[in-house]
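All remarks here apply to the structure that follows.
The values are calculated or read from the model by the stated rules, or taken from the named source; none is laboratory data. Fair warning: this is a prediction, and the values are worked out from it, not measured in the lab. Don't worry about glycine lacking a Cβ; one is built from the backbone with ideal geometry, like all the others, and counts go over all protein chains shown. Just the protein is used for accessible areas: all its heavy atoms, side chains included, with ligands, DNA and RNA removed. Shrake-Rupley method; radii C 1.70, N 1.55, O 1.52, S 1.80 Å.
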Amino acid sequence: MREKWDLSRISCLIADDNPHMRTILRSVLTGFGIRSIFEASDGAEALELVVDRKPDVVLLDWVMNPFGGSEFLRILRGDRDPVISTIPVLVISAHANRATIMEAISIGVHGFVAKPIAPAILYRHIGEILERQDMNGRSKGIMGLGSQKPTRKLNIADVQQPPGEGLAEAGSEGEDDAGLALL
């Protein structure tokens, strides 16, 4: 995969109930060259923006009140519009435990990044998600259909979490991010 992507032409929706986190993400995305950025403070507002703006990628906090990431993703993946139902979703959450990650994968995420985020990791995830979409077509998540049974092993490009957070570390010695390996 490429190491540098031109993200200046993509649009991004940030769905997070924390205004400070939205500001941080907006600043990071602007630094990547993304100029079209929308913000939502919960899942319901995010769904309205998805239908209205059809962003190229959604950065989704998993735990929001009153309408969270799980509800947002279930409704998004069930939409009849094939463009809306296949919008890439990257979860960015402090709740990066195995159960949450597995639930997100089963519903249909394209990646999962643990907070606090590292800009380089976020950039790589966004670029790789969009590159996979260009190469393989649109999909409803990592496995293509958001199914319960993974069809391949996930790697660092799919799931990122700080070391020592309970998931099996993947990659070579000295890497600072970890992956979740599924059979």
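Please enumerate the residues belonging to the range 31-46 that are touching a Leu at 6+ places or on another chain (Cβ under 7 Å) and outside any loop (DSSP other than H, G, I, E, B).
Hits for the range 31-46 are ILE37, PHE38, ALA40, ALA46.
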Can you tell me how many residues in the range 51-102 are touching an Asp or Glu at 6+ places or on another chain (Cβ under 6 Å), more than 24 Å from ARG26 (Cβ to Cβ) and open to solvent by 20 Å² or more (accessible area, probe 1.4 Å)? 0
Take the residues of the range 64-84 that are of a type in the set (A, V, I, L, M) and in contact (Cβ under 8 Å) with a residue 40 or more places away in the chain: which is farthest from GLY127 (Cα to Cα)? MET64
All positions within the range 13-42 that are in contact with a Lys or Arg (Cβ under 6 Å, 6 or more places away or on another chain) and closer than 18 Å to VAL113 by Cα: ILE14, ASP16
Given the condition surrounded by fewer than 20 Cβ atoms within 10 Å (Cβ to Cβ), within 17 Å of the chain's Cα centre (by Cα) and more than 25 Å from ALA120 (Cα to Cα), answer yes or no: does some residue in the range 18-27 qualify? no
Go through the range 103-126 and give me each residue that's under 25 Å from THR30 (Cα atoms), out of contact with any strand residue (DSSP E or B) (no Cβ under 7 Å at 6 or more places or on another chain) and assigned to a loop (DSSP other than H, G, I, E, B). PRO116, ALA118
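Among the residues of the range 1-17, which ones are of a type in the set (A, V, I, L, M), surrounded by 18 or more Cβ atoms within 10 Å (Cβ to Cβ) and part of a loop (DSSP other than H, G, I, E, B)?
Across the range 1-17, the qualifying residues are LEU7, ILE10.
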Picking from VAL28, VAL51, which residue would you name as being β-branched (Val, Ile, Thr), in contact with a Pro (Cβ under 6 Å, 6 or more places away or on another chain) and part of a helix (DSSP H, G or I)? VAL28
For residues that are among the polar types (S, T, N, Q) and more than 19 Å from GLY69 (Cα to Cα), scanning just the range 28-50, find the one that is surrounded by the fewest Cβ atoms within 10 Å (Cβ to Cβ). THR30
